[in-house]
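Step one of this worksheet: look at the structure below.
The values are calculated or read from the model by the stated rules, or taken from the named source; none is laboratory data. Predicted model only: the values in this text are computed from it and were never measured. Don't worry about glycine lacking a Cβ; one is built from the backbone with ideal geometry, like all the others, and counts go over all protein chains shown. Note: areas computed on protein heavy atoms with side chains; ligands, DNA, RNA excluded. Shrake-Rupley method; radii C 1.70, N 1.55, O 1.52, S 1.80 Å.
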Amino acid sequence: MSRAVRYRRFGGPEVLELAEIPEPHAAPDEVRVRVTAAGLNPMDWKIAAQPDMAARFGITLPAGFGSDFAGVVDEVGADATGFAAGDRVYGAAIGRSVADFVLVKTPTETLWPTPEGIGDEVAGTLPVAGLTACAALDAIGLRAGDTVLIGGAAGGVGIFAVQLAKLAGARVLGTASEGTFGFLRGLGAEPVAYGPGLADRVRALAPEGITAATDLFGREAAETALELGVAPERISVVADGPAPPPGVRQTGALDAGPGTLQRITDAIRSGEITVPIAATFPVERIREAVTTQAEGHVHGKIVIAL
Ligand SMILES: NC(=O)c1ccc[n+]([C@@H]2O[C@H](COP(=O)([O-])OP(=O)(O)OC[C@H]3O[C@@H](n4cnc5c(N)ncnc54)[C@H](OP(=O)(O)O)[C@@H]3O)[C@@H](O)[C@H]2O)c1
């Protein structure tokens with residue numbers, strides 16, 4: 001038998017169960033990964049709570065849970081290519097990553113070798129948040145010399161966006177609550193409190209103006225950037241919500257270009273970016289992990305250990 005987080009009805013953390021299921025085995029075109037770490041993303045518990053979002057991802061009940069994972073290949077189907085038993089890997093498997101084993105069709109589904117020097121805990125946080133951060137910045141053509149406003153800068157996507165924007169040579173203003181300012185400064189951003197009056201506070205920090213923005217939390221930072229005269233095509237939004245203002249692009253992980261994860265893992269290996277892990281929860285505490293992230297004030301990533 002093996003363990004997998006599953007749910008039989010849609011709802012909050014209370015619907016998540018750690019089930020004992022028969023151990024899955026790789027089909028001829030699959031590899032099996034023994035998962036050791038699974039990064040948690042808001043999309044995971046939103047899918048479990050919202051039938052319409054689940055439908056968008058082809059998830060039906062009863063369902064598995066999670067998307068990001070890292071671990072070790074331990075079975076290889078006869079026709080599977082590209083991986084061997086013992087390879088360290090990471091990937092994204094929507095609706096099935098928080099489990100002892102994940103089956104991945106190769107080469108058709110995404111699976112990447114984990115670069116040396118990057119632990120499973122970090123590798124298991126990279127696909128959804130890392131790809132999303134890169135796509136949000138690429139969509140606005142972020143470049144050296146920009147002053148960029150990042151909304152929700154301290155969250156799972158924000159930690160990548162802030163550091164990648166700094167690496168690109170931009171000045172970064174990031175929104176957060178005051179208790180988070182020290183954390184954001186540690187990542188290289190200049191913190192600014194979200195909430196009413198944001199435009200005035202941004203003006204005070206950057207009297208010469210801002211040139212680009214990406215809003216990872218909602219619409220406030222995007223609307224503030226428009227108010228401050230940033231061209232709509234230099235603004236992106238990431239979170240679900242009302243339609244973005246005309247000309248502002250909504251982006252997500254699927255918009256990331258080829259080679260994006262390589263860019264991120266290279267920067268991690270060279271020490272140019274770090275991945276703050278806010279907390280690691282054993283899989284038995286999955287409900288607590290979800291509750292913690294859903295409260296909305298996590299700094300960095302939450303990881304589920306298997
Ligand atoms: N479409 C896609 O492909 C895709 C992919 C990834 C994420 N997303 C979406 O992007 C959003 C962010 O994801 P995430 O993983 O970064 O979430 P997260 O880790 O839960 O974000 C937490 C951060 O949000 C900040 N925050 C809380 N209230 C805020 C407010 N009113 N204004 C600005 N920031 C606020 C918090 O800062 P304080 O602690 O200082 O309050 C905290 O650091 C989610 O809605 C997620 O579903 C979409």
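Key figures for this structure:
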{"read-out": "Members of the range 153-194 found to be outside any helix (DSSP H, G or I), within 15 Å of SER236 (Cβ to Cβ), more than 11 Å from the ligand (Cβ to nearest atom) and open to solvent by less than 10 Å² (accessible area, probe 1.4 Å), listed by number", "value": "ALA170, VAL172"}
{"read-out": "Extreme residue, nearest to the ligand (Cβ to nearest atom), among residues of the range 248-306 that are among the hydroxyl-bearing types (Ser, Thr, Tyr) and open to solvent by 20 Å² or more (accessible area, probe 1.4 Å)", "value": "THR292"}
{"read-out": "Any hit, the range 217-234, residues being under 17 Å from the mean Cα position of the chain (by Cα) and hydrophobic (A, V, I, L, M, F, W, C)", "value": "yes"}
{"read-out": "Any strands (runs of 3 or more DSSP E) falling wholly within the range 1-51 and containing at least 1 residues that are surrounded by 23 or more Cβ atoms within 10 Å (Cβ to Cβ)", "value": "2-7, 30-40"}
{"read-out": "Test: PRO232 is modelled with pLDDT under 95 and either acidic (Asp, Glu) or more than 14 Å from the ligand (Cβ to nearest atom) (or both)", "value": "no"}
{"read-out": "Of residues in the range 200-213 being within 14 Å of the ligand (Cβ to nearest atom) and farther than 21 Å from THR132 by Cα, the one least open to solvent (accessible area, probe 1.4 Å)", "value": "VAL202"}
{"read-out": "Cβ pairs under 6 Å, 6+ apart, first in the range 28-46 and under 18 Å from MET1 (Cβ atoms) and more than 9 Å from the ligand (Cβ to nearest atom), second small (Gly, Ala, Ser) and not in a strand (DSSP E or B)", "value": "ARG32/ALA26"}
{"read-out": "The range 87-101, subset free of Cβ contacts under 8 Å to residues at least 60 places away in the same chain and open to solvent by 50 Å² or more (accessible area, probe 1.4 Å), residue farthest from the chain's Cα centre (by Cα)", "value": "ASP87"}
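Each row is one residue, and each column tells you yes or no for (1) closer than 20 Å to PRO42 by Cα; (2) in contact (Cβ under 8 Å) with a residue 24 or more places away in the chain.
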residue	(1), (2)
GLU178	no, no
ALA221	yes, yes
ILE235	no, yes
ALA239	yes, yes
ASP255	yes, yes
ILE268	no, yes
VAL275	yes, yes
ALA279	yes, yes
